[in-house]
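Novice: Quick one: the structure is below, and I'll ask about it shortly.
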Amino acid sequence: MGDTAVILRLTIADPVPGVAYSLQDKDNHPIDPVIASEGPLSFDVPVRLSADNRWLGPFVRREGPERRFVYIAIGQSAGDPGSEWSRRAKIDIHDMPEALRDAARVGAVPEIVLPGRGKDGTPACATVRGPEGWKLV
């Protein structure tokens with residue numbers, strides 16, 4: 001069995017309105033930035049899942065032998081030079097439950113809903129975790 005194309009959905013529940021958000025590729029380039037409004041903001045991330053359950057693709061980053069994650073770029077990092085923020089949110093994907101990985105292999109879309117703001121009300125950054133974890137759309 002070869003690599004399987006999978007879509008992961010990253011949804012920011014409460015992004016800061018007026019701020020640019022985008023996916024960030026392995027070369028640190030923002031891809032298709034959007035300006036947040038009052039509602040949730042979703043990114044569908046094309047990735048591949050190998051036969052041995054490694055996440056691969058142009059948006060997948062790694063730390064060590066197991067950790068895999070995707071960056072959401074924010075403000076200047078998302079291509080808005082006028083933004084007061086230059087941040088990234090790191091979204092772990094390596095710890096997705098096996099049942100969801102298996103469902104993704106046959107076309108289901110795993111989604112994680114993320115908080116969009118830190119305690120101070122500014123865009124959430126660093127490692128951002130969804131309080132509900134991964135679920136199927």
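Values quoted throughout were computed directly from the atomic coordinates according to the rules given, and no laboratory measurement underlies them. No experiment lies behind these values; they were computed from the predicted model shown. Every residue, glycine as well, gets a Cβ built from its backbone with ideal geometry; the counts of neighbours run over all protein chains shown.
Novice: If I ask for residues that are surrounded by fewer than 18 Cβ atoms within 10 Å (Cβ to Cβ), outside any loop (DSSP other than H, G, I, E, B) and acidic (Asp, Glu), which ones from segment 93-113 would you list?
Specialist: If the condition is that a residue be surrounded by fewer than 18 Cβ atoms within 10 Å (Cβ to Cβ), outside any loop (DSSP other than H, G, I, E, B) and acidic (Asp, Glu), then GLU98, ASP102 are the ones that fit.
Novice: Which of the residues belonging to segment 114-137 are of a type in the set (Gly, Ala, Ser) and assigned to a strand (DSSP E or B)?
Specialist: ALA126
Novice: Among the residues of segment 14-36, write down those that are out of contact with any Phe, Trp or Tyr (no Cβ under 7 Å at 6 or more places or on another chain), farther than 23 Å from TRP55 by Cβ, surrounded by 15 or more Cβ atoms within 10 Å (Cβ to Cβ) and among the hydrophobic types (A, V, I, L, M, F, W, C).
Specialist: Of everything in segment 14-36, those that are out of contact with any Phe, Trp or Tyr (no Cβ under 7 Å at 6 or more places or on another chain), farther than 23 Å from TRP55 by Cβ, surrounded by 15 or more Cβ atoms within 10 Å (Cβ to Cβ) and among the hydrophobic types (A, V, I, L, M, F, W, C) turn out to be VAL16, ALA20.
Novice: Sticking with this one: Report, ordered by the first and then the second residue, all pairs with beta carbons closer than 7 Å, sequence separation of six or more or different chains, a first member in segment 50-78 that is on the phi < 0 side of the Ramachandran plot and of a type in the set (Ser, Thr, Tyr), and a second member that is in a strand (DSSP E or B) and loosely packed, with under 14 Cβ neighbours inside 10 Å.
Specialist: Once the first residue is on the phi < 0 side of the Ramachandran plot and of a type in the set (Ser, Thr, Tyr) and sits in segment 50-78, no partner that is in a strand (DSSP E or B) and loosely packed, with under 14 Cβ neighbours inside 10 Å comes close enough.
Novice: Find all pairs meeting these conditions: Cβ atoms under 7 angstrom apart; at least six residues apart or on different chains; first residue within segment 99-112 and free of Cβ contacts under 8 Å to residues at least 60 places away in the same chain; second residue part of a loop (DSSP other than H, G, I, E, B).
Specialist: Correct list of pairs: ARG101/ASN53.
Novice: Of all the residues that make up segment 42-89, how many are touching a Lys or Arg at 6+ places or on another chain (Cβ under 8 Å) and either within 19 Å of ALA104 (Cβ to Cβ) or surrounded by fewer than 15 Cβ atoms within 10 Å (Cβ to Cβ) (or both)?
Specialist: Residues meeting the conditions: 18.
Novice: I need the full set of residues from segment 1-54 which are assigned to a loop (DSSP other than H, G, I, E, B) and among the polar types (S, T, N, Q), in order please.
Specialist: Passing the criteria: ASN28, SER37, SER50, ASN53.
Novice: Could we say that ALA126 is within 25 Å of VAL16 (Cβ to Cβ), surrounded by fewer than 15 Cβ atoms within 10 Å (Cβ to Cβ) and either out of contact with any Lys or Arg (no Cβ under 6 Å at 6 or more places or on another chain) or free of Cβ contacts under 8 Å to residues at least 24 places away in the same chain (or both) here?
Specialist: On the way: within 25 Å of VAL16 (Cβ to Cβ): yes; surrounded by fewer than 15 Cβ atoms within 10 Å (Cβ to Cβ): yes; either out of contact with any Lys or Arg (no Cβ under 6 Å at 6 or more places or on another chain) or free of Cβ contacts under 8 Å to residues at least 24 places away in the same chain (or both): yes.
In short, yes.
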